[in-house]
Every structure is written in structure tokens, then in C-alpha cells.
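Notes follow once the structure below has been shown.
The values are calculated or read from the model by the stated rules, or taken from the named source; none is laboratory data. Remember, predicted model here, so these are calculated numbers, not experimental data. Counting neighbours? That spans all protein chains shown, and the Cβs are built from the backbone with ideal geometry, glycine included. Just so you know, the surface numbers come from the protein's heavy atoms only, side chains and all, with ligands and any DNA or RNA stripped out. Shrake-Rupley method; radii C 1.70, N 1.55, O 1.52, S 1.80 Å.
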Amino acid sequence: MARVDTKTRKKAEWLLRRAEGALLSDAVLAAEGAHLAPADAESRLGELVRERPELGLADRLEALARARGEVTRSKEYAERYGVAGVRRFLVRGGITIYLLPVETFPHHINNVYLILEPGHALLFDVGSGSDSSRRDLALGFAVVRDVFGEDARFEAIDTAIVSHAHIDHFGGVSDLKVRTAARLCVHELDARVISGFEERVVIATKDVEVFLRRAGVAEDERRKMIALYSASRTFFKSVEVDRALRDGDLVGGGHRVIHVPGHCPGQICLLVGDVLLTSDHVLARITPHQFPQAITPFGGLEHYFHSLAKVRKLDLVNLALGGHEEPIADLRSRVDEIAAFHRERLLKVREICDAPRSIADVCSRLFGPQEGYGTLLAIEEAGAHVEYLHALGKLRIANLDEVARSDDPVILYERR
Ligand SMILES: [Zn+2]
Ligand SMILES: [Zn+2]
């Protein structure tokens with residue numbers, strides 16, 4: 001599907017997931033998959049594929065049409081492509097991993113992983129807790145039972161691991177606490193975000209505000225960004241964490257926790273046999289978002305580069321499964337691409353600072369005009385790169401006297 005714009009590709013993926021609903025039994029379709037409307041999705045997908053042959057989906061549509069008629073073919077299709085986006089991965093030692101795609105926020109899909117093994121049913125990430133997130137989790141479990149024949153129920157989860165404290169990955173823990181007896185496990189650096197959420201929101205919002213002032217974001221823009229930052233966090237109430245994880249800990253039947261700070265302070269990967277669940281540390285297409293340590297310690301590019309090297313060194317990883325997007329067949333190459341991308345961006349930021357620039361200047365030169373939550377993500381990303389270059393002594397502060405005199409200075413950076 002190369003050379004297809006992201007929007008079209010996402011639309012095609014979404015329609016495919018819905019069209020695959022045709023492989024579900026009528027009972028499941030009626031109970032959990034009514035929103036899929038597979039026939040409608042299939043005809044829209046057909047139109048899209050005719051208009052945009054470069055999507056390369058004609059074969060898959062044909063396979064889907066054939067699969068509908070026959071049990072063996074539908075099993076083959078399910079094994080290869082999944083059903084309603086749910087995919088199965090077999091790991092040695094009798095472990096099965098299911099990828100459950102969940103729409104956590106409008107048009108934002110997270111991959112929740114269900115790990116089934118003798119004696120344990122684990123969930124790696126839990127969705128956002130939004131209506132669509134709950135709907136898709138229920139559908140995912142139904143597909144695992146109906147198509148793949150597993151005895152899997154959400155209520156029977158015994159261990160839930162939150163990969164990092166971003167709301168699209170952990171918001172569903174409230175549901176989890178109500179409906180299951182699962183032990184909730186989170187890395188110790190992110191546990192307090194979930195167990196002391198009210199405090200975290202207040203403090204983080206203050207730190208973001210200070211960062212935005214110093215970055216030189218104009219006041220009205222800043223107010224909008226702060227509103228966005230806190231608004232996305234009003235619907236969650238603190239939940240007790242049962243186990244604070246550390247690097248090297250084992251969960252479930254002996255799966256190793258790998259602490260990879262950078263994208264988030266308590267970001268972890270989980271090694272399940274020869275499969276690495278990478279969450280937002282490594283993704284197939286987008287480079288995971290970076291923020292400056294000025295907002296939260298244990299983030300920033302220095303940590304991130306270290307954490308990339310850490311997973312690159314792992315032996316025997318044959319497949320990586322991210323918190324979003326598709327599986328990654330070659331983890332090392334993807335790690336190298338992401339690291340190269342950031343090195344390139346660092347060079348670019350340094351070039352931009354050929355004259356004194358605020359982080360807001362750097363941001364607009366890097367990303368151009370942004371909208372909505374994108375404004376906040378862009379300024380954080382720019383801030384992470386400027387901060388790293390400054391820490392390395394490759395940028396200096398150009399208005400030091402002014403910074404010394406003022407209470408709330410906009411800091412200007414210049415290349416050394
Ligand atoms: Zn994240
Ligand atoms: Zn994420």
C-alpha cells in the first residue's frame with residue numbers, strides 16, 4: 001500500500017475491518033458487531049478500490065468474498081488477515097497473542113493485546129474507556145471466541161499490564177476494576193499518573209504552561225493549548241495500581257518487562273516468547289511522539305535514543321507488535337529508521353537556529369501551521385529536540401541577559 005496517503009489508507013483499513021464482519025456468526029454480528037454493517041462496508045470498499053487501484057486491495061477483497069462461502073477458506077482468511085481487525089499470533093510455549101484493534105478516540109485506533117497461555121489470561125493495555133473503546137473490546141473478545149474458538153472472556157482476565165500512562169492506553173482501567181479481578185500492573189514511573197491522577201493533571205498542566213511561556217507561544221494560543229491538555233483528562237478518576245513494575249520484572253507466565261523511557265517516563269515493552277510488544281516505543285509507520293523533560297522527567301530524546309538501542313540489542317525478536325498500526329517484521333531496521341529520522345530532525349533544528357529562535361519559531365518552521373491537539377504535539381516535539389541540542393551544547397541561549405532579568409522569559413536559542 002505504498003504511495004497511498006494516510007487518510008485513504010486508514011479509510012480502507014476501517015472499511016476492511018467492517019467488511020470482515022461478514023465472517024462472524026449472525027449471533028455475534030447482532031450482539032456485538034451491529035455497527036460493522038459488513039455488506040455496506042464491502043460495497044463502499046469496492047468503490048474505493050475501483051477509484052484507487054493503487055491501494056492494492058483487489059486480491060484481499062476477492063479472498064474475503066471466497067472466504068465467506070466456506071469454513072476452511074474463512075479459517076485461512078482469518079489466520080492470514082484476521083477478522084474485524086482481530087489477528088492471531090502463535091508464540092512458542094503454547095502462548096497465543098490476539099491483537100484487538102480498538103477505536104479509543106474518534107479515528108484513533110489502539111491495539112490492545114490479549115495473551116492467552118496455560119494458567120493465565122493477560123491484557124496488554126486496556127483502551128481508553130470511551131464508548132467506542134468498550135464497544136470494540138467487546139467485539140474483539142467475541143471474535144476471539146466465535147472465529148478462533150477460544151474460551152476467552154474479558155471478565156476472566158487475571159493480569160492487566162498498562163504499557164504507559166497515556167489515556168488511550170490506560171483509560172479503560174476503571175472498567176477493568178469493576179468487571180474483573182485482574183491485578184493492574186504499571187511501571188513505577190507511570191503508576192502515580194493512574195493512582196494519583198488528580199494531582200498529576202494539576203502539576204502537569206502547570207509544567208506545560210511554563211514550558212509554553214518559555215517556548216514563546218502567544219497567550220491566546222497558549223490558553224487554547226492548555227484547555228486541550230486538561231480537557232482530554234477530565235473524564236478519568238484515579239484507580240489503585242496493584243503492582244508497580246520495574247525493568248526486568250516478569251509477569252504472567254514469565255514475560256519480561258523492558259523499561260524504555262522516552263515517549264513516556266514509564267514506557268515499557270513486554271517480551272512474550274520471540275514477540276516484542278512495543279507499545280508506543282516503536283511503531284510501524286509514525287515516529288512516536290517526543291516531549292521535553294522540562295514537562296516531565298525521564299522523557300526526552302536522550303532517554304529515547306538509549307531505549308531504542310536497548311530493544312535493538314534484544315536477541316531472538318522475530319516479530320514486534322506496536323500499540324498502534326500494523327505488526328513490524330524487522331524490528332532492528334525500524335529502530336534504525338526512527339533513530340535516523342530524529343538525527344535528521346536534530347540537524348534541521350540546528351540549521352533553523354542560524355539566528356536566535358524561540359521553540360515556537362522552531363516549531364512553525366518544522367511543522368507549519370497546526371490545528372487542535374496537533375498544536376500541542378508539535379510544540380512538544382520541537383521542544384524535545386531543542387532541549388536535547390541545548391543539553392549537548394550545540395545550541396546556546398541568545399538572550400541570556402533578558403532571561404536573567406525577566407520572571408517569565410521567552411528563551412531564544414542559537415547555533416554555537
Ligand atoms: Zn503514548
Ligand atoms: Zn499511543
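Somewhere in the range 183-194, is a residue touching a strand residue (DSSP E or B) at 6+ places or on another chain (Cβ under 7 Å), outside any helix (DSSP H, G or I), at pLDDT 95 or above and within 16 Å of ligand 2 (Cβ to nearest atom)? Yes, some residue in the range 183-194 is touching a strand residue (DSSP E or B) at 6+ places or on another chain (Cβ under 7 Å), outside any helix (DSSP H, G or I), at pLDDT 95 or above and within 16 Å of ligand 2 (Cβ to nearest atom).
Here are Ala294, Ala284: which of them is within 16 Å of ligand 2 (Cβ to nearest atom) and touching a Lys or Arg at 6+ places or on another chain (Cβ under 8 Å)? Before you say what the answer is, go through the steps one by one.
Numbers: Ala294 fails: within 16 Å of ligand 2 (Cβ to nearest atom).
Answer to the check: Ala284.
With respect to (1) small (Gly, Ala, Ser); (2) at pLDDT below 95; (3) under 19 Å from Pro261 (Cβ atoms); (4) open to solvent by 10 Å² or more (accessible area, probe 1.4 Å), the lone exception for Gly372 is condition (3). The set of residues from the range 104-124 being over 19 Å from Thr278 (Cα atoms) and under 21 Å from the mean Cα position of the chain (by Cα) comprises Phe105, Pro106, His107. Among residues of the range 370-387 that are farther than 23 Å from Pro106 by Cα, those with a beta-carbon under 7 Å from a residue that is among the charged types (D, E, K, R) at least six positions away or on a different chain give the pairs His385/Arg345. Checked against (1) free of Cβ contacts under 8 Å to residues at least 60 places away in the same chain; (2) open to solvent by 10 Å² or more (accessible area, probe 1.4 Å); (3) over 19 Å from Gly300 (Cβ atoms), Ile203 passes all but condition (3).
Kindly establish whether Ala309 is more than 16 Å from ligand 1 (Cβ to nearest atom) and surrounded by fewer than 22 Cβ atoms within 10 Å (Cβ to Cβ). Give the derivation first.
Working: more than 16 Å from ligand 1 (Cβ to nearest atom): yes; surrounded by fewer than 22 Cβ atoms within 10 Å (Cβ to Cβ): yes.
When the stated conditions are applied, Ala309 passes them.
For the range 338-353, does any single residue satisfy the condition of being open to solvent by less than 60 Å² (accessible area, probe 1.4 Å) and not in a helix (DSSP H, G or I)? Yes - at least one qualifying residue is present in the range 338-353.
Every residue, every condition in (1) outside the structural domain of Ile115 (by TED's automatic domain parsing); (2) among the aliphatic types (A, V, I, L, M); (3) more than 30 Å from Ser25 (Cβ to Cβ), yes or no:
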residue	(1), (2), (3)
Ala182	no, yes, no
Thr205	yes, no, yes
Glu209	yes, no, yes
Arg256	no, no, yes
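The residues of the range 136-169 that are in a strand (DSSP E or B) and either open to solvent by less than 10 Å² (accessible area, probe 1.4 Å) or within 16 Å of ligand 2 (Cβ to nearest atom) (or both), listed by number, are Ala160, Ile161, Val162.
Scan the range 1-27 residue by residue and report those that are outside any loop (DSSP other than H, G, I, E, B) and either in contact with a Phe, Trp or Tyr (Cβ under 9 Å, 6 or more places away or on another chain) or open to solvent by less than 20 Å² (accessible area, probe 1.4 Å) (or both).
Quick first cut of the range 1-27, residues outside any loop (DSSP other than H, G, I, E, B) only: 6-23, 26-27.
Passing the criteria: Thr8, Ala12, Leu15, Leu16, Ala19, Glu20, Gly21, Leu23.
If you go through the range 351-363 one residue at a time, do you hit one that is more than 16 Å from ligand 1 (Cβ to nearest atom) and under 25 Å from Asn111 (Cβ atoms)? First the steps, then the outcome.
First pass over the range 351-363, keeping only residues more than 16 Å from ligand 1 (Cβ to nearest atom): 351-363.
Filter again for under 25 Å from Asn111 (Cβ atoms), leaving none.
So far as the range 351-363 goes, no, none of its residues is more than 16 Å from ligand 1 (Cβ to nearest atom) and under 25 Å from Asn111 (Cβ atoms).
For the range 328-348, the set of residues classified as among the β-branched types (Val, Ile, Thr) and under 25 Å from Arg415 (Cβ atoms) consists of Ile338 only.
Among the residues of the range 53-63, are any of a type outside the set (Ser, Thr, Tyr), open to solvent by less than 70 Å² (accessible area, probe 1.4 Å) and in a loop (DSSP other than H, G, I, E, B)? Can you show your working first?
Start the filter on the range 53-63 by keeping residues that are of a type outside the set (Ser, Thr, Tyr), which leaves 53-63.
Next, only the ones that are open to solvent by less than 70 Å² (accessible area, probe 1.4 Å) stay: 55-58, 60-61, 63.
With the extra rule that they be in a loop (DSSP other than H, G, I, E, B), the set shrinks to 56-57.
Within the range 53-63 (the criterion being of a type outside the set (Ser, Thr, Tyr), open to solvent by less than 70 Å² (accessible area, probe 1.4 Å) and in a loop (DSSP other than H, G, I, E, B)), the answer is yes, since at least one residue qualifies.
Total residues in the range 313-337 satisfying the condition of being over 25 Å from Val386 (Cα atoms) and surrounded by fewer than 18 Cβ atoms within 10 Å (Cβ to Cβ): the figure is 12. Within the range 121-135, can you find the residues that are within 16 Å of ligand 1 (Cβ to nearest atom) and in a strand (DSSP E or B)? Listed by number, the list holds a single entry, Phe124. Quick one: in the range 170-181, of everything that is in contact with a helix residue (DSSP H, G or I) (Cβ under 9 Å, 6 or more places away or on another chain) and among the aliphatic types (A, V, I, L, M), which residue is nearest to ligand 2 (Cβ to nearest atom)? Step by step, filter the range 170-181, then rank; the result is Val173.
Is it the case that some residue within the range 39-49 is under 14 Å from Tyr81 (Cα atoms) and not assigned by TED's automatic domain parsing to the domain that holds Leu137? Steps first, please.
Residues of the range 39-49 that are under 14 Å from Tyr81 (Cα atoms), as a first pass: none.
No: the range 39-49 contains no residue that is under 14 Å from Tyr81 (Cα atoms) and not assigned by TED's automatic domain parsing to the domain that holds Leu137.
Confirm whether Asp220 is open to solvent by less than 30 Å² (accessible area, probe 1.4 Å), over 15 Å from Cys363 (Cβ atoms) and among the charged types (D, E, K, R). No; evaluated as a whole, the condition is false for this residue.
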